[in-house]
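J.: Shown below is the structure under consideration.
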Amino acid sequence: MTLATVDRYDPEQVSSIGDRAVVVGGSMAGLCAARVLADGFEEVVVIERDSLSDEPITRDGAPQTSHPHLMQEAGRATLEDFFPGFGEKLLSEGGLLIDGSTEMKSYEKGGFAATPESRLPMYGSSRALLEWVVRWHITRIENVSLRDGCQFVNYLLDDSETTVTGVTFRDEHDAETTLTADLVVDATGRTSRTPQWLNDHGYEAPPVDEVEVDLTYSSIQIERPPDDRRGFAAFPRAPRTRGSAINPIEGNRWDVIMIGVHGDVAPTDEEEFVEFAESLPMDELGELVKSQSWVSDEIHHYPYPTSRWRHYEQLDEFPSGLVVTGDALASFNPVYGQGMSVAALDALVLHHCLADGGGKNLGPRFFERTAEVINTVWRLGVGSDFAYPQTTGPKPPGTDLFGWYMGRLTRQAHSDKVLSEAFNRVLRLEQPPTALLRPNIIWRVFFPSPQSSLIST
Ligand SMILES: Cc1cc2nc3c(=O)[nH]c(=O)nc-3n(C[C@H](O)[C@H](O)[C@H](O)COP(=O)(O)OP(=O)(O)OC[C@H]3O[C@@H](n4cnc5c(N)ncnc54)[C@H](O)[C@@H]3O)c2cc1C
């Protein structure tokens, strides 16, 4: 399921469902969930362990906020639907709206992708600013309150142990507090404790798919001339185990990442950082890292061993009154920039589930429908990961064949702007991967002509 195959957000479709919903975790998935819950619940309370700043700054509870984040079109469009004026606010705070066709240069499979004919709008912003703008909008919704500095402790269960009835947490003053709720949403990210909690209460924990990529990120910010809006990407693609991206962001800066996979560890000191950048197949990466002043006084390093999908949709029993979303459900290799968009699509699915059946049997209905979103995105990312023989984990059927076809398509896309655009629209989670199997695309992949770059679809 991608943007093209899901109905857009329509708050009018949701009627009154309950008195209070509690969302645990105030990051992208939690805030998006809170937005859609506010249509059906009298009150929505978001509990976040970090103390949140009024400024767009990185934070400890979500350490990935120190690293560059690219928002795919599915996320951008959905956030704009959830929070009208989202993009305008982002731009007014210094974020950029760049054209991915002409302002972003990408290296894929031994060459540079041809420039698509259509504009491919995308934000140029730090992760901290993206999240801050979502928070800014959430705090303006009357029936949503955001309680930061509050640490979730446990779910409350009814006597029959079949329904979650609220949460306990340590509040802003470190006092243990209880909050009853008709619905609790776990948006605590990868370290979610719901699987363990289910086990402790006689339920089965969800089966887990883990695909091991042994990835590391190292990130800095560098100065950017105000009128230079260029971005660059040469992501790791098998057999190359290293990659990098440079994104223009607010404050006349570029966000820069160096990425290593399967034992090629991203650099942690300045000299290695420059050497790593210079070893990549795009001259601008090394040149900019060397020529521009560094804004960061440290290199942020982040190890990401595995992509992980917890299959809640496969459980026979699940307590009422509880839903799990975002990275707590599935967390994806960050190289493909999918997590925030899936968090937004999860919330969109939650919205449709609320509209279609209210709170009844919500968890299983939600898990079944989000599995479709996750499946599409998972197969895209994991498909590329399995191009490395070192990658381990459950390989979805058809991965090798699709990977072979994608390899051929991306190479043809060096000279064919139609293929380049089609490929981009799939990566942006606008179009499903099956869009790359349409006859006109297959034809161009297998029968390229010297004129192919001139012919439109
Ligand atoms: C290095 C890296 C780079 C990435 N790059 C991209 C990218 O380019 N594009 C993209 O779309 N995605 C990217 N992602 C993924 C993206 O960060 C996540 O998918 C996104 O933040 C949604 O996650 P979430 O809200 O589910 O969880 P998180 O962002 O992890 O948030 C969980 C929240 O729960 C809170 N919490 C946890 N436990 C408790 C508790 N007990 N009590 C109260 N609060 C609690 C945490 O403080 C945190 O705020 C990247 C991830 C990583 C690791």
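The values are calculated or read from the model by the stated rules, or taken from the named source; none is laboratory data. Just so we're clear, the structure is a prediction, and the values are computed from it rather than from any experiment. All Cβ positions, even for glycine, are placed from backbone atoms using ideal geometry, and neighbour counts span all protein chains on display. These accessible areas exclude ligands, DNA and RNA; they are computed on the full protein's heavy atoms, side chains included. Shrake-Rupley method; radii C 1.70, N 1.55, O 1.52, S 1.80 Å.
J.: Please list 3J(HN,Hα) in residue order for region 267-277, calculated via the Karplus relation 6.51 cos²θ - 1.76 cosθ + 1.60 where θ = phi - 60°; whole Hz, with x for glycine and proline.
T.: x, 10, 10, 4, 5, 5, 4, 5, 4, 4, 4
J.: Within the chain, what percent of beta bridges assigned by DSSP are antiparallel, to the nearest 5?
T.: For the chain, the DSSP antiparallel bridge percentage is about 70.
J.: How high is the relative contact order of the chain, given as a whole-number percent (alpha carbon pairs under 8 Å, six or more residues apart)?
T.: Reported as a whole number, the value is 21 percent.
J.: Let me ask something additional. Provide the gained length on full extension for the span residue 112 to residue 252, in nm with one decimal, where the gain is 0.36 nm per separating residue minus the Cα-Cα distance.
T.: 47.8 nm
J.: A further question follows. Determine the gain in length on full extension of the stretch residue 278-residue 143; use 0.36 nm per residue of separation and subtract their C-alpha separation, reporting nm with one decimal.
T.: 43.5 nm
J.: Under 22 Å between C-alpha atoms is the cut-off here; go through the chain and count lysine pairs that meet it, provided they're at least eight residues apart or on different chains.
T.: Eligible lysine pairs with Cα atoms under 22 Å apart amount to 4.
J.: Sticking with this structure for a sec: Sort the following peptides by mean Cβ neighbour count (other Cβ atoms within 10 Å, averaged over residues), highest first: 407-416, 352-361, 11-20, 36-45.
T.: Going from most to least packed, we get 36-45, 407-416, 352-361, 11-20.
J.: Right, here's the next one. If I take R0 = 25 Å and measure r between the Cβ atoms of residue 295 and residue 105 in this structure, what FRET efficiency does the formula 1/(1 + (r/R0)^6) give, to the nearest 0.05?
T.: Computed FRET efficiency for residue 295 and residue 105 comes out at 0.70.
J.: A follow-up question, please. Report the Cα centroid-to-centroid distance between region 19-36 and region 103-160 in angstrom, as an integer.
T.: Cα centroid of region 19-36 versus Cα centroid of region 103-160: 13 Å apart.
J.: Which percent of the accessible area of the chain is formed by carbon and sulfur heavy atoms (probe 1.4 angstrom)?
T.: 47 percent
J.: Still on this structure: Once the piece of chain linking residue 177 and residue 93 is laid out straight, how much longer is it, given 0.36 nm per residue of separation minus the C-alpha distance between them?
T.: In short, 26.6 nm is gained.
J.: Moving on. What is the distance, in nm, between label points placed 7 Å from the Cα along the Cα-to-Cβ direction at residue 395 and at residue 16?
T.: Using points 7 Å along Cα→Cβ, the separation is 5.6 nm.
J.: I need to check one value: relative contact order of region 400-454, counting alpha carbon pairs closer than 8 Å and at least 6 residues apart, in percent.
T.: Here the relative contact order equals 37 percent.
J.: Once you place label points 7 Å from the Cα toward the Cβ at residue 438 and residue 360, how far apart are they in nm?
T.: Here the modelled spin labels are 3.9 nm apart.
J.: For region 439-447, what does the Karplus curve 6.51 cos²θ - 1.76 cosθ + 1.60, with θ = phi - 60°, yield as ³J(HN,Hα) per residue in whole Hz, taken in order and with x for Gly and Pro?
T.: x, 5, 6, 4, 4, 5, 5, 8, 10
J.: Using only helices, what value at 222 nm comes out for the chain when you add -39,500 (n - 2.57) per DSSP H run of length 4 or more and divide by the total residues, to the nearest 500 deg cm²/dmol?
T.: Per the formula, -9500 deg cm²/dmol.
J.: Given a Förster radius of 22 Å and the C-beta distance between residue 7 and residue 379 as r, what FRET efficiency does 1/(1 + (r/R0)^6) yield to the nearest 0.05?
T.: It comes out at approximately 0.50.
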